[in-house]
Structures are given as C-alpha cells and as structure tokens.
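These notes concern the structure reproduced below.
The values are calculated or read from the model by the stated rules, or taken from the named source; none is laboratory data. These figures come from a predicted structure and were not determined experimentally. Note that we place each Cβ from the backbone using ideal geometry, even for glycine, and neighbour counts take in every protein chain shown. What goes into the accessible areas is simple: the full protein's heavy atoms, side chains included, and nothing from ligands, DNA or RNA. Shrake-Rupley method; radii C 1.70, N 1.55, O 1.52, S 1.80 Å.
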Amino acid sequence: QNGKSWKLELADESLVGKSVGETIEGKDVHADLDGYQLLITGGSDMAGFPLSKDVEGLGLKGLLLTKGWGMRTKGEGLRFRKTVRGKIISTAVVQVNMSVVKAGKKSLSEIFPDQNKKAEAKAAEAAAAVSIAIEFELSLS
C-alpha cells in the first residue's frame, strides 16, 4: 500500500506445504499479524532458483522460457532453458514473498518498529545538512 517491505525471519516450518498463489492467515506466520491475510506471491530456494506458479510440485525443473527471470528480449522466437522450482514451499526454500490482501488492526510499522527507519532518519539528516549549509553560506556573505 505504501511501497515499503518488511522482513520477518521464521524459525519454524509453518509455511512448508503451502503454494504460490495461496492466501494464508497472518497469525499462522506471526502472532502479531492477527487479522491480516497474506498472499504468497513467490520466493526462491537456497541456490537462488525462483518459485514458479506454473510448475506443480516442489522439485526443480528446466523450462523453455521466452520471457521471465533474468531474461531480456534479444530476438523473435528466442527461448532459453531456465531452471525453476515448483510452486509448493519446501524446506529448501529460504525466501518467501507475500503481499497483504487484508490489513489487520495494527499497522505494520507498529508491529515492526525497528524496520524502515533508516530512510526517514537519512531524510531528516539531509534536511538538517541543507539547513546547516544554508546557515554556513549566510554567515560567509
């Protein structure tokens, strides 16, 4: 909604068996996400192979693709064989991407207060540096 991303590391295997395109309850992922509905949009395994919503199962498969991950259009009819992982989340998956379908009572900035503060702090520092620079120039004149 506001373009920010939030990182959450899980110790348990609560997402194993779920698939890309499936909507899950937020409380299944983290207790503070009660009321949230999350859509699994993708992910990648420990070798960097992406999860593909078009491949059934949880294993690796080589597909002939005309467009997609890391591919640029180089000519008409050109296809590349790319290795992708199936849409089922297994223990080999190390990253899962989700988007919020329905928000809960608490905002994500309240749930994760230590994240996404660097950009705001840098903006405040930049504004302070601009005001210092302006004051410095005025004092020289």
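Structure above, values below:
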{"quantity": "Among (1) in contact with a strand residue (DSSP E or B) (Cβ under 7 Å, 6 or more places away or on another chain); (2) more than 28 Å from residue 115 (Cβ to Cβ); (3) surrounded by fewer than 13 Cβ atoms within 10 Å (Cβ to Cβ) - the single one residue 61 does not satisfy", "calculated": "(3)"}
{"quantity": "Test: residue in region 119-140 that is open to solvent by less than 80 Å² (accessible area, probe 1.4 Å) and modelled with pLDDT of 70 or more", "calculated": "no"}
{"quantity": "Residue in region 76-85 that is assigned to a strand (DSSP E or B), at pLDDT 80 or above, under 30 Å from residue 33 (Cβ atoms) and out of contact with any Cys (no Cβ under 9 Å at 6 or more places or on another chain) present", "calculated": "yes"}
{"quantity": "Failed item in (1) part of a strand (DSSP E or B); (2) open to solvent by less than 80 Å² (accessible area, probe 1.4 Å), with residue 95 passing the rest", "calculated": "(2)"}
{"quantity": "Qualifying positions in region 27-45 - under 15 Å from the mean Cα position of the chain (by Cα) and more than 15 Å from residue 93 (Cβ to Cβ)", "calculated": "38, 39"}
{"quantity": "Region 1-49, subset assigned to a strand (DSSP E or B) and open to solvent by 60 Å² or more (accessible area, probe 1.4 Å), residue nearest to residue 83 (Cα to Cα)", "calculated": "41"}
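Conditions tested, residue by residue: (1) without any contact (Cβ under 8 Å) to a residue 12 or more places away in the chain; (2) among the acidic types (Asp, Glu).
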{"site": "3", "(1), (2)": "yes, no"}
{"site": "8", "(1), (2)": "no, no"}
{"site": "15", "(1), (2)": "no, no"}
{"site": "23", "(1), (2)": "no, no"}
{"site": "28", "(1), (2)": "no, yes"}
{"site": "49", "(1), (2)": "no, no"}
